[in-house]
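The values are calculated or read from the model by the stated rules, or taken from the named source; none is laboratory data. Predicted model, so just to flag it, every value in this text is computed and none were measured. Cβ atoms come from the backbone with ideal geometry, glycine included; neighbour counts cover every protein chain shown.
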Amino acid sequence: MARVLVVDDAAFMRKMVTDALTRGGHEVVGEAGNGLEAIDRFQELKPDLTTLDITMPEKDGLTALKEIIELDPGARVIMCSALGQESKVLESIKLGAKDFVVKPFQADRVLEAVGKALG
Amino acid sequence: MTTDEALVKLGQSTTKAICGVLEMFAPGQITPGEVAVVAPGKHPLEGIPVPAVATMVSYVDGVTGGYLFVMTAEGARKLAAAMMGMEPDETAGAPELSELELSAVAEAMNQMMASAAGATTAVLGIEVEIGVPETRSFMSTDAAIDAYARTPHATRAAVSVCGEPCRFVQLVPNAFVVRMTRALDEAEYTTADPGGASGGAARDGPRDGTPSLAGISVRVCAELGRARMPSAGIVGLPAGAVVGLNRQADEPIDLYVNGRPFATGRLMVVDGSDWAVRIESIVGQPENVNQSKEVA
């Protein structure tokens, strides 16, 4: 079981990811609605794993990822991207993300990515 | 190919893309309609039923235009219900969408718009980037029309979502029309050229006569390098100006297939006058210079 921080600007997607993680036996310790909040919550909660949306207001997922990796080079981050964001997904992997899931996704795919990142 | 024909082709491509995403959220409840070019002087939102929920996303990098999806409030409610695994009747008749319903609809729109941008990228052969979508509610058609500026060109497509009438609009800037017409003309030329690079494969199809993707004609582009500069700088460029690119002369160049990175290689001249590219590595495969191939 992992302590997870879920970051997405859409409340609906946060709920979908949270439901999937909870069903998989993980604990969602916090949520954030943009990159700025994500950095604050990451420092505060020190989660085992963070799921990070790419397109968000205030501060996007790639910038937040970069800052999270600077704060903790060993941070486990899974990116959530929409279709057609292949170049940003590639960049996020180069920046240190462990895996990515493409929306719309099934709960199993989220759990598979989490298991891989934790393994 | 005329401008209208090119616009319709682009509209068909993006409409198919967004319907693919919607179908994942509401299986069996999405029906795409015909794509039409919006007549000059007309607004693409004329005649939309209200109350309506509209999501707009704009292109970035200074290009005017974007995508707009308008659904009836009831359509938005039914889509949200489908996304949350509920029956449409469970939320019918509520005075307005809950925060979670609005969020679900906005997320669906977000993913649809990203998919539309991907489809546009494939048609134009250049990467099309979009900003953050904005979702708004409208109680009158006039208010919706006032909210979104017209562009020189636009297409509209009717889409039925959970039985509710919706409209997908693509606001197309002039720059896209020029690029698109040329790209589609090139694609048609390649398909029709019996002695060209396609070798007639697009017409002949696979040798065993079974349907296959192998006969589809694709657009191959070689890119020497890129430059980024302010739009004012581009407009002020005189003939004879030199624009520096981000790549050294001895570096390999990139090869794209339908706008997607496919390989890197070396530019060369064949038969004394024709440009060609010697493939050095395929994207996603280990480099192997000894098995290099030439693309004329």
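Data overview
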read-out: Among residues of the range B:102-115, those that are at the interface with chain A (Cβ under 7 Å from one of its Cβ atoms) and more than 16 Å from B:Val60 (Cα to Cα), counted; value: 5
read-out: Set B:Gly163, B:Gly118, B:Gly85: member being surrounded by fewer than 19 Cβ atoms within 10 Å (Cβ to Cβ) and within 14 Å of chain A (Cβ to nearest Cβ); value: B:Gly85
read-out: Answer residue from the range A:25-46, given it is acidic (Asp, Glu) and assigned to a helix (DSSP H, G or I) and is nearest to the other protein chains (Cβ to nearest Cβ) among those; value: A:Glu37
read-out: Test result for B:Ala202, small (Gly, Ala, Ser), surrounded by 13 or more Cβ atoms within 10 Å (Cβ to Cβ), touching a helix residue (DSSP H, G or I) at 6+ places or on another chain (Cβ under 7 Å) and modelled with pLDDT under 60; value: yes
read-out: Count of residues meeting criterion [of a type outside the set (A, V, I, L, M, F, W, C) and within 13 Å of another protein chain (Cβ to nearest Cβ)] in the range B:121-140; value: 7
read-out: Residues of the range A:68-94 classified as part of a loop (DSSP other than H, G, I, E, B) and within 14 Å of chain B (Cβ to nearest Cβ), total; value: 4
read-out: Unique match (being at pLDDT 65 or above, under 27 Å from A:Lys88 (Cβ atoms) and within 14 Å of chain A (Cβ to nearest Cβ)) among B:Arg247, B:Arg226; value: B:Arg226
read-out: Hey, A:Ala97 touching a residue at least 40 places away in the same chain (Cβ under 8 Å), buried (at least 19 other Cβ atoms within 10 Å of the Cβ) and away from every other protein chain (no Cβ under 12 Å) or not; value: yes
read-out: Boolean, B:Ala154 is of a type in the set (Gly, Ala, Ser), within 14 Å of chain A (Cβ to nearest Cβ), touching a residue at least 60 places away in the same chain (Cβ under 8 Å) and buried (at least 19 other Cβ atoms within 10 Å of the Cβ); value: no
read-out: Residue within the range A:47-67 that is within 14 Å of chain B (Cβ to nearest Cβ), touching a Pro at 6+ places or on another chain (Cβ under 9 Å) and in contact (Cβ under 8 Å) with a residue 40 or more places away in the chain present; value: yes
read-out: Flag if B:Ala143 is without any contact (Cβ under 8 Å) to a residue 24 or more places away in the chain, more than 30 Å from B:Gly85 (Cβ to Cβ) and more than 13 Å from every other protein chain (Cβ to nearest Cβ); value: yes
read-out: The range A:109-119 - residue that is free of Cβ contacts under 8 Å to residues at least 60 places away in the same chain and not small (Gly, Ala, Ser) and, of those, farthest from the other protein chains (Cβ to nearest Cβ); value: A:Lys116
read-out: Subset tally (residues that are away from every other protein chain (no Cβ under 14 Å) and either at pLDDT 95 or above or not in a loop (DSSP other than H, G, I, E, B) (or both)) for the range A:8-24; value: 2
